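Here the structure is laid out as structure tokens; the discussion comes afterwards.
The values are calculated or read from the model by the stated rules, or taken from the named source; none is laboratory data. The model shown is predicted, which means the values in this text are computed figures rather than measured ones. For neighbour counting, all protein chains shown are included, and Cβ atoms are generated from backbone atoms with ideal geometry for every residue, glycine included. Note: areas computed on protein heavy atoms with side chains; ligands, DNA, RNA excluded. Shrake-Rupley method; radii C 1.70, N 1.55, O 1.52, S 1.80 Å.
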Amino acid sequence: MPVHGSLDFIFTYKLKRLKGVIKEWNLTVFGKIHSRLKQDQLRFEYATLCSDEDPNDVSKLNLVKDVMARLSETQLQHNSMLKQKARNQWLVEGSSNTTFFHNSIRTRRSSNTISELTDSDGHTISDYDHLCDHVVQFYEDKFNGHESDLDASLFDYEHVGISEEDSLVMDRIPTPDEIKQAVFDLGADSAPGPDGFSGCFYRHCWDIINGYLIKAIIFCWNTGQIPNGANSSLIILLPKIIATRVGSVLDKLVSEEHVAFMKGRNIHEKHQFGF
């Protein structure tokens, strides 16, 4: 369906519209996975009980096989959802340890939750509203405070820089191949971002969405800003392209002594420099 507007708006709006259609399709075709899983388990238990009462009835045995196949498919979909939520990338394909996934989800959520903080006077804050006020006040004081006096001699240091040619490469408009590489470097099984779409979606639908996505990224690159309300793919892909380019010249900017800050170098190599 056509959309009119700026290039960055077109791609964002198309994904937003698609998300609503997919949600409706998901409820219509799949339904709620948790309730459906429970229903399939009950059907399997009932079919098994009926078959046990009359083991010679072939029709009941076939019904058990059909219900078991349906239950297995539902369990596979449920496990896939849990795997995405757990955000574990090292698990082999086909792993179905749902208890592990549940524990991983709870662990990640608990580790990302701030339950209490200690203020400058040593008092512990655990109330939710007080925690919010304390965090806001902390960063307001941090960024709105007085500027520190810096010793100018700290910056009186000559170091190797990138060439003018390298600098131009950093600023050039991303090519379609460069954008595609950044997209396909996204984890296919990673949890969906704020826009609701995972890396698997961008890979699978690349032939359909690549024209709109490439135009949106180039538009943002030329204007030098990502508009408010832009989907997370633009926020992720643009810095990813920049990081890839910077990585190609990083060895010219980071000295050999700073081995821990370079990909491919080992922190243990510092011993050869006499540290």
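Restricting the first member to the stretch 170-186 and to residues that are assigned to a helix (DSSP H, G or I), and the second to residues that are open to solvent by 80 Å² or more (accessible area, probe 1.4 Å) and basic (Lys, Arg), the beta-carbon pairs closer than 9 Å and six or more apart or on different chains are 183/203; 184/203. Beta carbons closer than 8 Å, at least 6 apart along the sequence or on distinct chains, pair a first residue in the stretch 1-16 that is in contact (Cβ under 8 Å) with a residue 40 or more places away in the chain with a second that is buried (at least 18 other Cβ atoms within 10 Å of the Cβ) and polar (S, T, N, Q) for 11/231; 12/231; 15/231; 15/233; 16/231.
Checking each residue in the stretch 1-29 for being farther than 25 Å from residue 219 by Cα and either within 24 Å of the chain's Cα centre (by Cα) or of a type in the set (Lys, Arg) (or both) picks out 20, 21, 22, 23, 24, 25, 26, 27.
Being modelled with pLDDT of 85 or more and either touching a helix residue (DSSP H, G or I) at 6+ places or on another chain (Cβ under 7 Å) or farther than 30 Å from residue 197 by Cα (or both) is a description that applies to residue 63.
For beta carbons closer than 7 Å, sequence separation of 6+ or different chains, a first residue in the stretch 30-54 that is on the phi > 0 side of the Ramachandran plot and in a helix (DSSP H, G or I) and a second that is open to solvent by less than 90 Å² (accessible area, probe 1.4 Å) and β-branched (Val, Ile, Thr), there are no qualifying pairs.
Looking across the stretch 31-61, the residues that are open to solvent by less than 70 Å² (accessible area, probe 1.4 Å), of a type outside the set (Asp, Glu) and either under 30 Å from residue 2 (Cβ atoms) or over 29 Å from the mean Cα position of the chain (by Cα) (or both) come down to 41, 44, 47, 48, 50, 51, 60.
Scanning the stretch 134-151 for residues that are closer than 15 Å to residue 120 by Cα and open to solvent by 100 Å² or more (accessible area, probe 1.4 Å) turns up 138, 139, 142.
Considering the stretch 171-187, the residues that are hydrophobic (A, V, I, L, M, F, W, C) and loosely packed, with under 13 Cβ neighbours inside 10 Å include one that is modelled with the highest pLDDT, namely 173. The single condition among (1) modelled with pLDDT under 75; (2) open to solvent by 50 Å² or more (accessible area, probe 1.4 Å) that residue 98 does not satisfy is (2).
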